[in-house]
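Have a look at the structure below before the remarks.
The values are calculated or read from the model by the stated rules, or taken from the named source; none is laboratory data. Predicted, not measured: the structure shown is a model, and the values here were computed from it. We place every Cβ from the backbone using ideal geometry, glycine too, and count neighbours over all the protein chains shown. Only protein heavy atoms, including side chains, enter the accessible area calculation; ligands, DNA and RNA are left aside. Shrake-Rupley method; radii C 1.70, N 1.55, O 1.52, S 1.80 Å.
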Amino acid sequence: EEFDLLEQMRLVMYHQKGGRQHIHVFWSLVDSERGKLLQVGRYKRRLQRVATELEKEFGHALTPRYPGGRSIQISHAERMEKMVSGKDPKARKELISQLWQKYDDPDLFRRQLKAKGYHLAQGQRCRYVIVDRDGTAYNLVRQLPTVIKLREAEQRLSDHYHELPSVAEVQRELEQKRNKRHTQQQKQVAQALERIQRHQERKH
(Lines give C-alpha, C1' and ligand atoms only; values in the text may rest on other atoms or scores of the structure.)
Protein backbone atom coordinates (compact mmCIF):
# COMPACT_ATOMS: atom_id res chain seq x y z
CA GLU A 1 0.00 0.00 0.00
CA GLU A 2 2.79 2.44 0.89
CA PHE A 3 4.41 2.01 -2.55
CA ASP A 4 1.20 1.35 -4.52
CA LEU A 5 2.34 -2.18 -5.43
CA LEU A 6 -0.79 -4.12 -4.49
CA GLU A 7 -1.44 -5.15 -8.11
CA GLN A 8 2.19 -5.98 -8.84
CA MET A 9 3.52 -9.51 -9.17
CA ARG A 10 5.39 -10.69 -6.09
CA LEU A 11 7.44 -13.64 -4.91
CA VAL A 12 7.23 -14.86 -1.30
CA MET A 13 10.07 -17.03 -0.02
CA TYR A 14 10.01 -18.81 3.34
CA HIS A 15 13.53 -19.09 4.71
CA GLN A 16 15.12 -20.64 7.80
CA LYS A 17 18.50 -19.55 9.11
CA GLY A 18 20.06 -20.33 12.46
CA GLY A 19 16.85 -22.00 13.62
CA ARG A 20 14.81 -18.85 12.93
CA GLN A 21 12.14 -18.85 10.24
CA HIS A 22 11.37 -15.68 8.35
CA ILE A 23 10.04 -14.51 5.01
CA HIS A 24 11.50 -12.60 2.08
CA VAL A 25 9.06 -10.81 -0.25
CA PHE A 26 10.10 -9.49 -3.66
CA TRP A 27 7.85 -7.13 -5.61
CA SER A 28 8.21 -6.52 -9.33
CA LEU A 29 8.55 -2.83 -10.20
CA VAL A 30 7.73 -3.37 -13.87
CA ASP A 31 4.42 -1.91 -15.06
CA SER A 32 3.75 -4.37 -17.89
CA GLU A 33 0.71 -2.47 -19.22
CA ARG A 34 2.58 0.81 -19.72
CA GLY A 35 6.00 -0.74 -20.24
CA LYS A 36 7.58 1.42 -17.53
CA LEU A 37 9.53 0.96 -14.33
CA LEU A 38 7.67 2.09 -11.22
CA GLN A 39 9.48 4.64 -9.04
CA VAL A 40 9.72 4.17 -5.27
CA GLY A 41 11.53 7.23 -4.00
CA ARG A 42 13.00 7.48 -0.48
CA TYR A 43 12.16 3.80 -0.04
CA LYS A 44 14.49 3.15 2.94
CA ARG A 45 12.91 5.78 5.18
CA ARG A 46 9.43 4.74 4.07
CA LEU A 47 10.18 1.07 4.77
CA GLN A 48 11.43 1.96 8.22
CA ARG A 49 8.25 3.91 8.94
CA VAL A 50 6.05 1.05 7.71
CA ALA A 51 8.08 -1.44 9.77
CA THR A 52 7.52 0.63 12.91
CA GLU A 53 3.80 0.94 12.19
CA LEU A 54 3.51 -2.84 11.69
CA GLU A 55 5.44 -3.57 14.88
CA LYS A 56 3.04 -1.36 16.83
CA GLU A 57 -0.03 -2.85 15.09
CA PHE A 58 0.98 -6.43 15.89
CA GLY A 59 2.28 -5.65 19.38
CA HIS A 60 5.89 -6.55 18.62
CA ALA A 61 8.87 -5.16 20.49
CA LEU A 62 10.09 -2.12 18.57
CA THR A 63 13.34 -2.60 16.68
CA PRO A 64 16.00 -0.11 17.94
CA ARG A 65 16.53 2.57 15.31
CA TYR A 66 18.91 5.52 15.25
CA PRO A 67 18.37 9.16 14.23
CA GLY A 68 17.70 9.39 10.52
CA GLY A 69 15.38 6.40 10.50
CA ARG A 70 17.99 3.73 9.78
CA SER A 71 19.13 0.89 12.01
CA ILE A 72 22.69 -0.41 12.16
CA GLN A 73 23.44 -2.57 9.14
CA ILE A 74 26.02 -5.37 8.95
CA SER A 75 27.58 -6.25 5.60
CA HIS A 76 28.39 -9.74 4.38
CA ALA A 77 32.10 -9.03 4.89
CA GLU A 78 31.42 -8.03 8.51
CA ARG A 79 29.41 -11.20 9.10
CA MET A 80 32.40 -13.17 7.79
CA GLU A 81 34.66 -11.15 10.10
CA LYS A 82 32.58 -12.29 13.07
CA MET A 83 32.84 -15.93 11.99
CA VAL A 84 36.61 -15.79 11.45
CA SER A 85 37.82 -13.51 14.25
CA GLY A 86 35.02 -13.81 16.79
CA LYS A 87 34.66 -10.00 16.87
CA ASP A 88 31.09 -8.72 16.84
CA PRO A 89 30.88 -5.85 14.31
CA LYS A 90 27.35 -4.93 15.36
CA ALA A 91 28.32 -4.59 19.02
CA ARG A 92 31.32 -2.48 17.97
CA LYS A 93 29.17 -0.18 15.84
CA GLU A 94 26.55 0.19 18.57
CA LEU A 95 29.20 1.08 21.15
CA ILE A 96 30.94 3.65 18.94
CA SER A 97 27.58 5.12 17.88
CA GLN A 98 26.55 5.57 21.51
CA LEU A 99 29.84 7.28 22.38
CA TRP A 100 29.60 9.55 19.34
CA GLN A 101 26.10 10.66 20.27
CA LYS A 102 26.90 11.08 23.96
CA TYR A 103 30.22 12.96 23.75
CA ASP A 104 30.26 16.01 21.47
CA ASP A 105 33.69 17.13 22.66
CA PRO A 106 36.35 15.48 20.42
CA ASP A 107 38.87 15.05 23.26
CA LEU A 108 36.28 13.47 25.52
CA PHE A 109 35.13 11.23 22.68
CA ARG A 110 38.72 10.06 22.14
CA ARG A 111 39.24 9.38 25.84
CA GLN A 112 36.02 7.40 26.10
CA LEU A 113 36.95 5.40 23.00
CA LYS A 114 40.35 4.60 24.50
CA ALA A 115 38.72 3.51 27.76
CA LYS A 116 36.74 0.98 25.71
CA GLY A 117 39.81 -0.30 23.88
CA TYR A 118 39.59 1.79 20.70
CA HIS A 119 41.85 4.52 19.33
CA LEU A 120 40.92 7.36 16.98
CA ALA A 121 43.60 7.85 14.33
CA GLN A 122 44.41 9.37 10.95
CA GLY A 123 43.68 6.98 8.13
CA GLN A 124 45.31 6.57 4.73
CA ARG A 125 42.34 5.77 2.51
CA CYS A 126 39.93 7.64 4.78
CA ARG A 127 40.46 10.60 7.08
CA TYR A 128 39.35 9.08 10.38
CA VAL A 129 39.73 5.50 11.53
CA ILE A 130 39.11 3.51 14.67
CA VAL A 131 41.85 1.07 15.73
CA ASP A 132 40.94 -1.80 18.05
CA ARG A 133 43.13 -3.64 20.59
CA ASP A 134 44.44 -6.01 17.93
CA GLY A 135 45.57 -3.13 15.71
CA THR A 136 42.77 -3.59 13.15
CA ALA A 137 41.67 -0.28 11.60
CA TYR A 138 38.06 0.56 10.68
CA ASN A 139 36.68 3.56 8.80
CA LEU A 140 35.03 5.73 11.47
CA VAL A 141 32.17 6.83 9.21
CA ARG A 142 31.38 3.22 8.31
CA GLN A 143 31.19 2.37 11.98
CA LEU A 144 28.45 5.00 12.29
CA PRO A 145 26.40 4.53 9.11
CA THR A 146 23.15 5.41 10.81
CA VAL A 147 24.43 8.40 12.75
CA ILE A 148 26.84 10.54 10.77
CA LYS A 149 28.14 11.35 7.34
CA LEU A 150 31.69 12.32 6.43
CA ARG A 151 30.98 16.06 6.45
CA GLU A 152 29.52 15.76 9.97
CA ALA A 153 32.68 14.01 11.15
CA GLU A 154 34.73 16.76 9.51
CA GLN A 155 32.75 19.48 11.28
CA ARG A 156 33.38 17.89 14.67
CA LEU A 157 36.92 16.54 14.27
CA SER A 158 38.69 18.65 11.62
CA ASP A 159 40.23 21.08 14.16
CA HIS A 160 41.82 18.11 15.95
CA TYR A 161 42.83 16.09 12.89
CA HIS A 162 46.55 16.90 13.09
CA GLU A 163 46.60 15.92 16.75
CA LEU A 164 45.59 12.37 15.90
CA PRO A 165 48.25 9.67 15.60
CA SER A 166 48.59 7.66 12.41
CA VAL A 167 47.38 4.07 12.27
CA ALA A 168 51.01 2.90 12.18
CA GLU A 169 51.80 4.88 15.35
CA VAL A 170 48.83 3.37 17.19
CA GLN A 171 49.79 -0.11 16.02
CA ARG A 172 53.39 0.39 17.20
CA GLU A 173 52.14 1.57 20.60
CA LEU A 174 49.86 -1.47 20.89
CA GLU A 175 52.69 -3.79 19.84
CA GLN A 176 54.99 -2.26 22.46
CA LYS A 177 52.33 -2.76 25.14
CA ARG A 178 51.81 -6.38 24.04
CA ASN A 179 55.57 -7.02 24.13
CA LYS A 180 55.80 -5.41 27.57
CA ARG A 181 52.94 -7.57 28.88
CA HIS A 182 54.54 -10.65 27.32
CA THR A 183 57.89 -9.83 28.94
CA GLN A 184 56.21 -9.31 32.32
CA GLN A 185 54.34 -12.60 31.99
CA GLN A 186 57.53 -14.44 31.09
CA LYS A 187 59.25 -12.86 34.09
CA GLN A 188 56.39 -13.90 36.37
CA VAL A 189 56.50 -17.46 35.03
CA ALA A 190 60.29 -17.60 35.50
CA GLN A 191 59.95 -16.32 39.06
CA ALA A 192 57.24 -18.88 39.81
CA LEU A 193 59.37 -21.70 38.40
CA GLU A 194 62.33 -20.49 40.45
CA ARG A 195 60.23 -20.50 43.64
CA ILE A 196 59.02 -24.02 42.87
CA GLN A 197 62.58 -25.18 42.26
CA ARG A 198 63.81 -23.66 45.54
CA HIS A 199 60.93 -25.27 47.39
CA GLN A 200 61.74 -28.67 45.92
CA GLU A 201 65.42 -28.26 46.79
CA ARG A 202 64.54 -27.47 50.41
CA LYS A 203 62.36 -30.56 50.55
CA HIS A 204 65.20 -32.74 49.29
- Item | Selection from segment 124-158 of residues that are over 17 Å from the mean Cα position of the chain (by Cα) and either open to solvent by 10 Å² or more (accessible area, probe 1.4 Å) or at pLDDT 95 or above (or both) | Q124, R125, R127, R151, E152, E154, Q155, R156, S158
- Query: So how many residues does segment 95-109 have that are touching a residue at least 24 places away in the same chain (Cβ under 8 Å) and either within 15 Å of R142 (Cα to Cα) or open to solvent by 60 Å² or more (accessible area, probe 1.4 Å) (or both)?
  - Reply: 5
- Task: Please give the number of the condition E201 fails out of (1) within 20 Å of L140 (Cα to Cα); (2) surrounded by fewer than 10 Cβ atoms within 10 Å (Cβ to Cβ); (3) not hydroxyl-bearing (S, T, Y).
- Result: (1)
- Would you pick out the residues in segment 1-18 that are at pLDDT 90 or above, part of a strand (DSSP E or B) and open to solvent by less than 90 Å² (accessible area, probe 1.4 Å)? V12, M13
- Item | R181 open to solvent by 50 Å² or more (accessible area, probe 1.4 Å) and closer than 16 Å to P106 by Cα | no
- Note on the structure: Residue pairs qualifying under the 9 Å Cβ cut-off, at least six apart or on distinct chains, with the first in segment 157-185 being within 23 Å of N139 (Cα to Cα) and touching a residue at least 24 places away in the same chain (Cβ under 8 Å) and the second being open to solvent by less than 70 Å² (accessible area, probe 1.4 Å) and aromatic (F, W, Y), are L157/F109; L157/Y128; Y161/Y128; L164/Y128
- Message: Tell me the residue from Q73, Q98 that is in a helix (DSSP H, G or I) and either under 30 Å from S158 (Cα atoms) or modelled with pLDDT of 80 or more (or both), please.
- Response: Q98
- Query: Can you tell me which residues in segment 19-48 are in a strand (DSSP E or B) and closer than 12 Å to E7 by Cα?
  - Reply: W27, V30, D31
